[in-house]
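*Asks:* Let me begin by handing over the structure; questions about it come next.
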Amino acid sequence: MLLILSLAPFAGSLAAIFLPSDKGTAAAWFSGAVALLCQLLVAGLYPLVASGGVLRYDLQWLPELGLNITLRMDGFAWMFASIITAIGLLVVVYARYYMSASDPVPRFFSMFLAFMGAMLGIVLSGNIIQLAVFWELTSITSFLLIGYWHHNAQARDGARMALTITGTGGLCMFVGLILMGHIVGSYDLDAVLSSGNVIREHPLYTTVLILILLGALTKSAQFPFHFWLPHAMAAPTPVSAYLHSATLVKAGVFLLIRLWPVLAGTDAWFWIVGCAGLTTLLLGAYFAIFQQDLKGLLAYSTISHLGLITVLLSLGSPLAAVAAIFHTMNHATFKASLFMAAGIIDHETGTRDMRKLSGLFRYMPFTATLAMVASAAMAGVPLLNGFLSKEMFFAEAIETHRYNILDTITPYVATLASMFAVTYSLRFIYSVFFGPPPKDLPKIPHEPPHWMRAPIEFLVLACLVVGVIPAFTIGPFLHAAVQSVLGDSTPVYSLAVWHGWNLPLAMSLVALIGGVVLFLLMKSYLATSIEGPPFFRRLEGQRIFERVLVTLSWKWARWLERTASSRRLQPQMRILVFIAFVAGTLPLLLQGFKPSAMALRSVDPAFALLWIIGIICAVGAAYQAKFHRLAALVLLGGAGLVTCITFVWLSAPDLAVTQLLVEIVTTVLILLGLRWLPKRIEDPNDPELMNFPVRLRRLRDLALALACGVGMMLVSYTMMTRNIPDTISSYFLERAYSEGGGTNVVNVILVDFRGFDTLGEIAVLCIVALTVFSLLRRFRPATESLEKPEQQKIQNAFDDDHPDRKKGDSIAEYLLIPSVIMRWMFPVIGMLTAFLFFRGHDLPGGGFAAGIAMSIAFILQYMAGGTRWVEERLRIHPLRWMSIGLLVAMATGLGSWLFGYPFLTSHMQYANLPLIGKIPLATAILFDLGVFSLVLGATVLILIALAHQSVRAPRAQVKAARMAGKETP
């Protein structure tokens, strides 16, 4: 059930994007069904966690490193999962009527379900590294949701700001969690939660605390990172109602509560969390009073309430933790309902500006009543749920936890902030629903459809029921959540509505009366003032954020570019090689460089001659690069061929096969790209050229090349002369056949023992191919390169519509190669590909070599017939090949989970075939098939990008495009 609960939203997200977009009804119904399924699963799991039980579901990933995919649910995780799914279901119903038919509604619900899945992943993670992955996924999906209306500049800016702040904090948190796992010795959440004393007493505790708090405080919009949340209000109101009341901003609070038993109780925790919480509590409430936008008011009130929860957690008291958990639940109900009410007002009147809204009670009495009850809960009025958790907050604020100024001022700040909360709640009610009838509204106000209002009715009813009979409604759920967090430290607490006349009640009365008086005094000013609080307008968060971005991305980045970069390729390569040389040299110098003696053997004259040829080719390539690039490329290929023969000589046939095939493909691809390179022009204004004459520059490059080459030689010599009794090679040699089912140790390592590395490498190759294609699809080579007559003649051979081209004319004829031979090579190379692929597990070959070999067949077809001839006769779908390859490789790894083995565990079995007999079969061959498909697709995609851009468009097409004022094809 935990696995289905975790996967259902993501599966629904993938399916929703393909639903029809007419009015979005199908997408809404489908998303509602997914959310309902998740809510039913959560409800069904409650009996198992109600009495303190913990549910776990483990999938082995990297068990040796303690990295497994673990789903874990206790009472606290159940509470959050229930909030996420229940309010998610209500928001889906609400969004069905809110979203316009002109919007891409399936895309909205697809991103919405993906975000729901990411939030469920956070609360159900039983591994802190897994938690960090879902944490960043919430930042990405919330970025997409906030920027859903991407045509709106405010939406784009708000999404960028939210992603920058929360993403940066998430990366800091990730480092903190890694350090925490290092301290504990495990990344399992249960092991971490049971190691509180070990973590608090460790020298790295302060570092871990600061890094984790950066993630939590940025996500929950705590001071000084609070400014991103109001700018995220440019999102559709269903997004605001979900992200900013029950999910995204609650992720930071969830992390603080989850790690409270481990990190709380120290002075550093008290001061950092307490200062951030108190400042956020007060400033958020103060800023909310002066907002003119309904959603802006609710955004700052959310910031203030999150600060209230943070203050409670900073106190380090178990009762304060109970109050924090309780207020987290209450805030989700009344704030989600208020955001939906604000959306209804905007939807039915056309504006959210409170200076234009008034007297709406007579037009939409039901919505007004619901909004007033929810506002009263937000203000902490008795007999509503917000009052109960606020009373608990006051009771903890007046307690003495530490003898310092921060603990002393907490009750006064709490009372003042509560007074501000009453003021902005009254302003929300009075400015919108009372007063004279509105004038000049974009729409005539009226009640929304019933089902658009139904989610608010449900949430407001929850506020009332919990406020009147809390012990019988919310009590059992709260106890399960508290017990799972505090364990044996769970205190005795009461959810009674009346506790008698005491100091917390007096603080509530002061806040209520003071808030009413303050609103009456400021009513006229607020009705006409500009948006934003006085005295703080110059400290607006967005302005500071933009200035920081400009400083980092413009001034400093430009200075760094001018200092350490160049538009010329050679200086950039020189810097990279030098950095690599330093990175390889420092460890040797710091840890010692002690190669053992190795007796020199007689050198075979043939091998020496081979290396002399390779050295001449390498030196010649470096020399010819200055004068003739084509000659340099030919010599470079000669050096590569010598390397292939060397691999064969030294008994490394797998490397030799791969090197040879890669050499062929890269030579052709570089050849296609040569015509793009500009002529070598010595810029007299280039400071490098002014300071270093040509001879000195070449000597410098030679010295750097020799240093790197000699360094690699010494490292290799040291590795080969180490006196180690047991090496890792013996491990692979002994287990390649018994555990991997293959006698080709190299291939078994790639697809079995280190299959996860290979999976990452082919994913990188996929990204590189897509990046190359994206960069080249709009690039055009310089026209000057087509001026030479012979080059123009060759170019015309590629031009299918050129009048000078004869039937069957191709580039092959100019290369003096019969095109028919090149075409006949396609099936031959196909047979070679199959041979290399199927023998790879036992003999030299494999998926990578087969994929490169097959790409050579396509290269020959392009050379023989040109681009149009190939693509009219052969089905070339490199993107499909890449997708299928990646999916097959992933499916091979996931399939091992079905049988209870770690990810990418392979299985070997012999099969009896008629007339053939026993043949070995290994599941790793399916993984190799994925490698083959992706390598072939990536190589062909890069080939297509280079071939198409290296071919000039037909003249008629160019002329027509220019006459139409369009980009030249």
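The values are calculated or read from the model by the stated rules, or taken from the named source; none is laboratory data. On a predicted model such as this, the values are computed, not experimentally measured, just so you know. Positions of Cβ are backbone-derived with ideal geometry, glycine not excepted, and every protein chain shown enters the neighbour counts.
*Asks:* Give all pairs with beta carbons closer than 6 Å in which a residue from segment 458-473 that is in a helix (DSSP H, G or I) meets a residue that is exposed (fewer than 14 other Cβ atoms within 10 Å of the Cβ) and not polar (S, T, N, Q); count only pairs at least 6 apart in sequence or on separate chains.
*Replies:* Gly467/Leu383; Val468/Leu383
*Asks:* Out of Leu879, Leu904, Leu886, Leu898, which single residue is within 29 Å of the chain's Cα centre (by Cα) and over 27 Å from Gly740 (Cβ atoms)?
*Replies:* Sole residue among the options that is within 29 Å of the chain's Cα centre (by Cα) and over 27 Å from Gly740 (Cβ atoms): Leu879.
*Asks:* I'd like to know if segment 368-383 contains one or more residues that are assigned by TED's automatic domain parsing to the domain that holds Gly475 and either in contact with a strand residue (DSSP E or B) (Cβ under 9 Å, 6 or more places away or on another chain) or among the basic types (Lys, Arg) (or both). Talk me through it step by step, then tell me what you get.
*Replies:* First pass over segment 368-383, keeping only residues assigned by TED's automatic domain parsing to the domain that holds Gly475: 368-383.
Cutting the leftovers down to either in contact with a strand residue (DSSP E or B) (Cβ under 9 Å, 6 or more places away or on another chain) or among the basic types (Lys, Arg) (or both) gives us none.
For segment 368-383, residues assigned by TED's automatic domain parsing to the domain that holds Gly475 and either in contact with a strand residue (DSSP E or B) (Cβ under 9 Å, 6 or more places away or on another chain) or among the basic types (Lys, Arg) (or both): absent.
*Asks:* Can you confirm whether Met854 is closer than 22 Å to Glu663 by Cβ, modelled with pLDDT of 70 or more and touching a Leu at 6+ places or on another chain (Cβ under 9 Å)? Spell out the reasoning first.
*Replies:* Working: closer than 22 Å to Glu663 by Cβ: yes; modelled with pLDDT of 70 or more: yes; touching a Leu at 6+ places or on another chain (Cβ under 9 Å): yes.
It is true that Met854 is closer than 22 Å to Glu663 by Cβ, modelled with pLDDT of 70 or more and touching a Leu at 6+ places or on another chain (Cβ under 9 Å).
*Asks:* Out of the residues in segment 573-594 that are surrounded by 12 or more Cβ atoms within 10 Å (Cβ to Cβ) and either modelled with pLDDT under 80 or touching a Pro at 6+ places or on another chain (Cβ under 8 Å) (or both), state the one that is farthest from Asp701 (Cα to Cα).
*Replies:* My answer is Phe593.
*Asks:* Return the residues of segment 216-259 that are surrounded by 24 or more Cβ atoms within 10 Å (Cβ to Cβ) and of a type in the set (Gly, Ala, Ser); say none if nothing qualifies.
*Replies:* Across segment 216-259, the qualifying residues are Ala216, Ser220, Ala221, Ala232, Ala235, Ser240, Ala241, Ser245, Ala246, Ala251, Gly252.
*Asks:* With the condition kept exactly as written, say whether any residue in segment 553-572 is at pLDDT below 85, part of a loop (DSSP other than H, G, I, E, B) and under 30 Å from Phe287 (Cα atoms).
*Replies:* Just the residues of segment 553-572 that are at pLDDT below 85, to begin with: 553-572.
Remaining after also requiring part of a loop (DSSP other than H, G, I, E, B): 565-568.
Filter again for under 30 Å from Phe287 (Cα atoms), leaving none.
No: zero hits.
*Asks:* Write out, first by first residue and then by second, each pair whose Cβ atoms fall under 6 Å of each other, whose residues are 6+ apart or on separate chains, and whose first residue, in segment 614-633, is surrounded by 13 or more Cβ atoms within 10 Å (Cβ to Cβ) while the second is among the β-branched types (Val, Ile, Thr) and at pLDDT 85 or above.
*Replies:* That search, which allows pairs on different chains as well, returns Gly614/Val642.
*Asks:* Here's something else I'd like to know. For segment 1-113, list the helices (runs of 4 or more DSSP H) that sit wholly inside it and hold at least 1 residues that are surrounded by fewer than 18 Cβ atoms within 10 Å (Cβ to Cβ); which are they?
*Replies:* On the way: elements: 2-16, 25-49, 75-98.
Filter on segment 1-113 gives 2-16, 25-49.
*Asks:* What are the residue pairs meeting all of these: first residue in segment 264-275, first residue under 14 Å from Gly196 (Cβ atoms), second residue assigned to a loop (DSSP other than H, G, I, E, B), Cβ atoms under 6 Å, and 6 or more apart or on different chains?
*Replies:* Ala264/Gly316; Gly265/Gly316
*Asks:* Moving on. Determine which member of the set Phe134, Phe143, Phe109, Phe174 is of a type outside the set (Ser, Thr, Tyr) and not assigned by TED's automatic domain parsing to the domain that holds Ser195. Spell out the reasoning first.
*Replies:* On the way: Phe134 fails: not assigned by TED's automatic domain parsing to the domain that holds Ser195; Phe143 fails: not assigned by TED's automatic domain parsing to the domain that holds Ser195; Phe174 fails: not assigned by TED's automatic domain parsing to the domain that holds Ser195.
Result: Phe109 is the single residue among Phe134, Phe143, Phe109, Phe174 that is of a type outside the set (Ser, Thr, Tyr) and not assigned by TED's automatic domain parsing to the domain that holds Ser195.
*Asks:* Are there helices (runs of 4 or more DSSP H) fully within segment 221-294 with at least 1 residues that are among the charged types (D, E, K, R)? List them.
*Replies:* Values: elements: 228-231, 237-243, 248-258, 260-263, 267-289.
Fully inside segment 221-294 and qualifying: 248-258, 267-289.
*Asks:* Tell me, please, whether a residue that is within 26 Å of Ile84 (Cβ to Cβ) and in a helix (DSSP H, G or I) can be found in segment 195-205.
*Replies:* Taking segment 195-205 and keeping what is within 26 Å of Ile84 (Cβ to Cβ), we get none.
The answer is no, given that none of the residues of segment 195-205 is within 26 Å of Ile84 (Cβ to Cβ) and in a helix (DSSP H, G or I).
*Asks:* Could you tell me whether Ala608 is loosely packed, with under 13 Cβ neighbours inside 10 Å and modelled with pLDDT of 80 or more? Working first, answer last.
*Replies:* On the way: loosely packed, with under 13 Cβ neighbours inside 10 Å: yes; modelled with pLDDT of 80 or more: yes.
Answer is yes for this residue.
*Asks:* Got a number for residues in segment 385-431 being of a type in the set (Val, Ile, Thr) and not in a helix (DSSP H, G or I)?
*Replies:* Step one: list which residues in segment 385-431 are of a type in the set (Val, Ile, Thr), which gives 398, 400, 405, 408-410, 413, 415, 422-423, 429.
If we keep only those that are not in a helix (DSSP H, G or I) as well, we get 398, 400.
Qualifying residue count, segment 385-431: 2.
*Asks:* From the list Ser142, Ser186, which residue is surrounded by fewer than 21 Cβ atoms within 10 Å (Cβ to Cβ) and either in contact (Cβ under 8 Å) with a residue 12 or more places away in the chain or in a helix (DSSP H, G or I) (or both)? Explain how you work it out, then say what you get.
*Replies:* Values: Ser142 fails: surrounded by fewer than 21 Cβ atoms within 10 Å (Cβ to Cβ).
The match here is Ser186.
*Asks:* Considering each of Val273, Val262 in turn, give the residue that is surrounded by fewer than 24 Cβ atoms within 10 Å (Cβ to Cβ), within 27 Å of Asp190 (Cα to Cα), within 28 Å of the chain's Cα centre (by Cα) and not basic (Lys, Arg).
*Replies:* On the way: Val273 fails: surrounded by fewer than 24 Cβ atoms within 10 Å (Cβ to Cβ).
Result of the check over Val273, Val262: Val262.
*Asks:* Identify the single condition in (1) surrounded by 16 or more Cβ atoms within 10 Å (Cβ to Cβ); (2) outside any loop (DSSP other than H, G, I, E, B) that Leu441 does not satisfy, given that it satisfies every other one.
*Replies:* (2)
*Asks:* Would you confirm, using the coordinates I've provided, whether Ala285 is over 27 Å from the mean Cα position of the chain (by Cα) and under 27 Å from Gly350 (Cα atoms)? Quick ask: steps written out before the conclusion?
*Replies:* Details: over 27 Å from the mean Cα position of the chain (by Cα): yes; under 27 Å from Gly350 (Cα atoms): yes.
So Ala285 passes the test.
*Asks:* Next up: Do we have any residue at all in segment 723-735 that's surrounded by 15 or more Cβ atoms within 10 Å (Cβ to Cβ), at pLDDT 80 or above, of a type outside the set (A, V, I, L, M) and over 30 Å from Ser906 (Cα atoms)?
*Replies:* Taking segment 723-735 first, the residues surrounded by 15 or more Cβ atoms within 10 Å (Cβ to Cβ) are 732.
This time we only want the ones that are at pLDDT 80 or above, so: 732.
Add one more test, that the residue is of a type outside the set (A, V, I, L, M), and what stays is 732.
Of the ones still in play, those that are also over 30 Å from Ser906 (Cα atoms) are none.
Looking for residues that are surrounded by 15 or more Cβ atoms within 10 Å (Cβ to Cβ), at pLDDT 80 or above, of a type outside the set (A, V, I, L, M) and over 30 Å from Ser906 (Cα atoms), one finds none in segment 723-735, hence no.
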